[in-house]
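The values are calculated or read from the model by the stated rules, or taken from the named source; none is laboratory data. Everything numeric in this text was worked out from a predicted model, so none of it was measured. So basically every Cβ, Gly included, is an ideal-geometry build from the backbone, and we count neighbours across all protein chains shown.
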Amino acid sequence: MRKPIVFTSEREMPPMAVSLADMSHNRTGGWRYMRPIYSEKIAPCKNACPVGNDIPRILSLVSEGRYEEAWRLFRQTSPLPGVCGRVCYHPCETRCNRKDFDEALSIASLERFVADACFDLEDKISDRPKRSEKIAIVGSGPAGLTCAYFLAKDGYAVTVFEAASQPGGMLRLGIPSYRLPREVLDREIELIARWGVEFRTNTKIGQDIDIEKLWEQYDALFVATGAHHSRALSIPGEEFALTGLEFLKAVNAGQTVNIGKRTLIIGGGNTAMDCARTALRLGAQPLVVYRRTRAEMPAIAEEIEEAEHEGVQFEFLAAPTAICRRDGKLEVHCVRMQLGEPDRSGRRRPVPIPGSDFRILTDSVLKAVGEEPDLSFLSEHLETSEGIVMERAQGLLERAGIFIGGDAQTGPSTVAQAMRSGRETAYAIMRFLRGERKPKAPQLDEALRVNFSYFVHKPRVPTPQLPVSERTSSFAETKRALSVDQARTEASRCFSCGVCNTCDNCWVFCPDAAIVRTNGSYSVNYDFCKGCGVCAEECPRSVISLVEEEL
Amino acid sequence: MRNFTLPAEELMGSGHLGCQGCGGALAMRYVLKAAGDNTIVVLPACCWTIIAGPFPYSSLKVPLLHTAFETAAVAASGVRAALDIQGDTETTVLAWAGDGGTFDIGLQSLSGAAERNENIIYICYDNEAYMNTGIQRSGATPFLAWTTTTPEKTPKSEPKKDIMAIMVAHRIPYAATATISYPDDLIRKVQRAKSIYGTKFLHVLAPCPPGWRAPSELAIKLSRLAVHTRVFPLYEVENGERYTLNEPKEEPALPVSEYLKLQGRFSHLTENDVEAIQEIIEKRWQRLLRMVRESS
């Protein structure tokens with residue numbers, strides 16, 4: 001920086017008015033009362049993702065055709081991108097900023113695309129610290145698998161105990177293959193095993209192996225046994241009904257289940273939808289009986305839409321009161337309901353209308369009114385309320401090295417929530433073994449302000465679907481993969497909210513030439529920045545914040 | 001994503017005296033990027049007389065000649081003639097004047113230079129009033145705008161002078177409008193002007209946050225809205241005949257209220273006032289479309 005020129009006499013001055021120096025002695029930064037700072041924000045999609053996938057960066061890589069890097073970025077937060085790309089309810093898309101401009105990004109389809117494109121890739125098994133502690137995980141569903149992956153990656157010896165003959169938990173037993181082809185699940189489990197995770201199948205806790213023994217033999221224990229216990233209807237003739245979960249498990253295991261021509265499914269959750277769509281594929285005509293209306297159904301909206309689309313029929317505002325045998329068939333006695341006052345869940349409580357009884361004749365009945373965890377093997381140690389683990393009891397257990405997570409802790413939830421629980425538990429176990437406290441996670445602001453002026457309207461690429469006519473005859477996957485062109489086009493729609501992608505706008509629009517551009521990054525020259533705020537306003541993706549200058 | 005690719009070279013240095021969010025400073029930064037370092041700037045009295053810095057300093061990295069208020073075009077003609085005599089036809093001579101020095105005080109000398117088809121680029125950066133002397137109204141001040149000489153009770157009662165029509169009537173080889181929210185368009189137009197012999201005129205809308213009574217961070221947004229509401233369409237006219245419309249492309253246009261409501265200088269407007277302004281805009285827009293149609 002130059003010093004100001006000072007003339008001490010007339011003789012020192014030039015003979016005419018010419019400039020002798022530039023204005024760089026004039027530090028206009030002193031005018032500033034608002035300071036622009038580059039501070040990347042968390043994109044709402046990433047914030048909404050239970051697994052915390054770095055969606056903006058991943059989509060940016062996909063748009064450039066860098067699929068392997070995208071896949072490896074997924075695997076930093078999730079060992080199951082192929083599974084999630086298919087079965088996740090994608091809360092990320094619900095929060096996508098682009099929905100306020102035209103349509104949300106098709107994030108789930110892109111996750112699936114990346115997983116498919118990289119199906120043959122493997123993790124690079126890095127040098128890990130060798131650790132002596134052994135960890136037992138009970139249950140190999142999404143929570144158990146995710147926990148195993150993160151612990152094994154950090155060098156711990158992990159053994160996963162599974163009651164069924166193959167690992168996967170609800171992913172294998174509960175989710176039909178038209179939503180999740182088994183080779184995808186098998187491959188992702190195989191990649192977890194490559195990290196040295198040992199799977200002991202056909203080993204049921206409380207039956208084949210004792211919890212106390214595991215506790216003795218292992219340094220920490222993760223109970224992720226899921227929620228497999230079907231709730232009762234508590235009506236006469238209940239014994240004639242098969243549980244929805246038993247039905248799905250049997251069909252998914254390749255067993256023949258005779259449900260006849262007409263099957264009645266009781267319930268409105270995801271299990272009910274899976275049962276109905278599976279029954280349809282077995283050649284039956286399913287009828288879903290639900291005591292509230294479509295709006296209150298707890299199933300994921302997309303699953304309800306697909307069921308309707310495929311021809312599943314619904315009987316809303318109806319509740320079964322009894323099941324009887326009649327002429328080799330089953331007769332379900334129902335009562336018509338109406339919606340009353342909201343209950344604890346905020347949904348309006350269904351109330352029977354007196355004298356509105358009616359009957360439905362059917363070949364079989366599947367009950368799917370919810371599942372709950374069965375933690376009886378832990379009963380000596382654990383206080384539960386309606387099957388849900390009490391927080392205080394859990395804290396005590398954790399101090400002793402027993403962690404509970406996934407559906408076993410919360411009751412039935414989503415794959416992504418179970419995975420979040422699995423990963424958080426992996427870190428909790430590491431802290432437990434190392435005697436560390438939980439660090440305070442930095443709270444990042446969400447990138448909510450997008451300057452739409454810099455984007456061009458472009459419709460969302462629809463996910464290709466198997467025609468309905470081809471669906472009911474087979475268990476072929478209903479959603480198809482995006483093509484390479486479709487994936488790159490769709491990924492390029494991403495706004496990259498909160499993530500600088502060196503678009504140059506801050507540099508372009510600075511009236512004071514006070515933004516310094518150096519190989520792919522920017523900084524503010526605070527000697528000259530006057531704090532006008534133009535850079536923050538024109539940043540398309542809210543990477544720049546204005547903070548008050550300390551005076 | 002719309003991306004801009006601008007020449008990297010900075011010929012306007014930091015430390016200049018432009019206000020926060022100065023549209024005129026940003027316009028100069030772009031214009032010099034396009035004109036290149038072999039340029040001489042001729043500057044009459046205007047904001048930039050101050051912005052460039054006091055004697056013996058200049059924030060421009062090219063030669064800069066200060067001259068009297070009414071003389072931008074004629075002084076530039078003189079510089080051009082001196083260069084030509086020395087056999088230098090490469091150096092670009094750029095007259096850089098505000099709206100006061102163009103629409104009002106310098107109009108006579110500008111008309112003279114255009115009539116002689118002097119080989120200069122004349123750029124008017126238009127902030128729609130005499131800003132550095134205290135926001136007095138000029139011939140470029142919009143209809144019903146507040147200035148210190150047209151206070152709220154008696155806002156400016158005349159519409160903005162159509163300087164482009166005046167310049168086009170001189171049948172100069174190139175005249176164009178541009179603004180700071182479309183830097184690539186502005187740079188292309190300066191480069192185009194550089195490649196043409198004769199008088200080239202650029203009318204550049206340069207938002208002035210203090211004078212327009214608007215927050216400084218909205219400088220670019222205001223410029224963009226001026227285009228999107230058709231208050232300031234971007235177009236080019238060759239040889240006084242051939243009209244080309246560049247922006248806005250989007251149909252339908254935003255209502256002018258979107259532009260006016262962000263500026264304190266219009267805060268006194270009634271609904272009827274806004275309607276009257278909208279009518280003027282619509283009339284000028286239809287005339288522009290007619291000229292574009294007739295020349296194609």
Legend entry - Hits in segment A:403-412 - residues which are at pLDDT below 90 and not in a helix (DSSP H, G or I): A:411, A:412
Legend entry - Residue list for segment A:154-180, restricted to those being touching an Asp or Glu at 6+ places or on another chain (Cβ under 8 Å) and of a type in the set (D, E, K, R): A:179
Inset, instruction - Go through the residues of segment B:24-37 one by one and say whether even a single one is among the hydrophobic types (A, V, I, L, M, F, W, C), farther than 19 Å from residue B:177 by Cβ and in contact with a Ser or Thr (Cβ under 6 Å, 6 or more places away or on another chain). - result: no
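Would you be able to say whether some residue in segment A:526-542 is away from chain B (no Cβ under 14 Å) and either surrounded by 17 or more Cβ atoms within 10 Å (Cβ to Cβ) or of a type outside the set (S, T, N, Q) (or both)?
There is no residue in segment A:526-542 that is away from chain B (no Cβ under 14 Å) and either surrounded by 17 or more Cβ atoms within 10 Å (Cβ to Cβ) or of a type outside the set (S, T, N, Q) (or both).
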Inset, instruction - Please report, ordered by residue number, the helices (runs of 4 or more DSSP H) entirely within segment B:1-85 with at least 1 residues that are closer than 26 Å to residue A:14 by Cα and more than 10 Å from chain A (Cβ to nearest Cβ). - result: B:47-51, B:72-85
Inset, instruction - State the number of residues belonging to segment A:4-54 that are more than 13 Å from chain B (Cβ to nearest Cβ) and of a type in the set (Gly, Ala, Ser). - result: 5
Inset, instruction - Report yes if residue A:113 is in contact (Cβ under 8 Å) with a residue 40 or more places away in the chain, assigned by TED's automatic domain parsing to the domain that holds residue A:417 and part of a helix (DSSP H, G or I), otherwise no. - result: no
Inset, instruction - Could you tell me whether segment A:35-58 includes any residue that is within 28 Å of residue B:12 (Cα to Cα), hydrophobic (A, V, I, L, M, F, W, C) and without any contact (Cβ under 8 Å) to a residue 40 or more places away in the chain? - result: no
Legend entry - In segment A:1-54, residue farthest from residue A:416 (Cα to Cα) [restricted to those that are in contact with a Leu (Cβ under 9 Å, 6 or more places away or on another chain) and of a type in the set (A, V, I, L, M, F, W, C)]: A:5
Inset, instruction - Might you check whether a residue that is more than 24 Å from residue B:216 (Cβ to Cβ), in contact with a His (Cβ under 8 Å, 6 or more places away or on another chain) and crowded, with 17+ Cβ neighbours inside 10 Å occurs anywhere in segment B:70-79? - result: no
Inset, instruction - Only residues that are within 14 Å of another protein chain (Cβ to nearest Cβ) and modelled with pLDDT under 90: list them for segment A:421-467, please. - result: A:449
Legend entry - Which listed residue is in contact with a Phe, Trp or Tyr (Cβ under 7 Å, 6 or more places away or on another chain) and at negative phi, from A:47, A:97: A:97
Inset, instruction - With the checklist (1) touching a helix residue (DSSP H, G or I) at 6+ places or on another chain (Cβ under 6 Å); (2) of a type outside the set (Gly, Ala, Ser); (3) under 18 Å from residue B:202 (Cα atoms) in hand, flag the one item residue B:7 doesn't pass. - result: (3)
Legend entry - Residue satisfying condition, being closer than 23 Å to residue A:190 by Cα and over 20 Å from the mean Cα position of the chain (by Cα), within set A:102, A:123, A:116: A:123
Inset, instruction - Go through the residues of segment B:222-240 one by one and say whether even a single one is of a type outside the set (Phe, Trp, Tyr), at pLDDT 95 or above and loosely packed, with under 15 Cβ neighbours inside 10 Å. - result: yes
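Within the bounds of segment A:491-511, is there any residue that is within 12 Å of another protein chain (Cβ to nearest Cβ), touching a strand residue (DSSP E or B) at 6+ places or on another chain (Cβ under 6 Å) and closer than 21 Å to residue A:445 by Cα? Let's see the steps before the verdict.
So in segment A:491-511, the residues within 12 Å of another protein chain (Cβ to nearest Cβ) come out as A:492-496, A:501-511.
Still in the list and also touching a strand residue (DSSP E or B) at 6+ places or on another chain (Cβ under 6 Å): A:506-507.
Then keep just the ones that are closer than 21 Å to residue A:445 by Cα; that gives A:506.
Within segment A:491-511 (the criterion being within 12 Å of another protein chain (Cβ to nearest Cβ), touching a strand residue (DSSP E or B) at 6+ places or on another chain (Cβ under 6 Å) and closer than 21 Å to residue A:445 by Cα), the answer is yes, since at least one residue qualifies.
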Inset, instruction - Might you let me know whether segment B:129-149 holds any residue that is in contact with a helix residue (DSSP H, G or I) (Cβ under 7 Å, 6 or more places away or on another chain), touching a residue at least 60 places away in the same chain (Cβ under 8 Å) and either acidic (Asp, Glu) or not in a loop (DSSP other than H, G, I, E, B) (or both)? - result: no
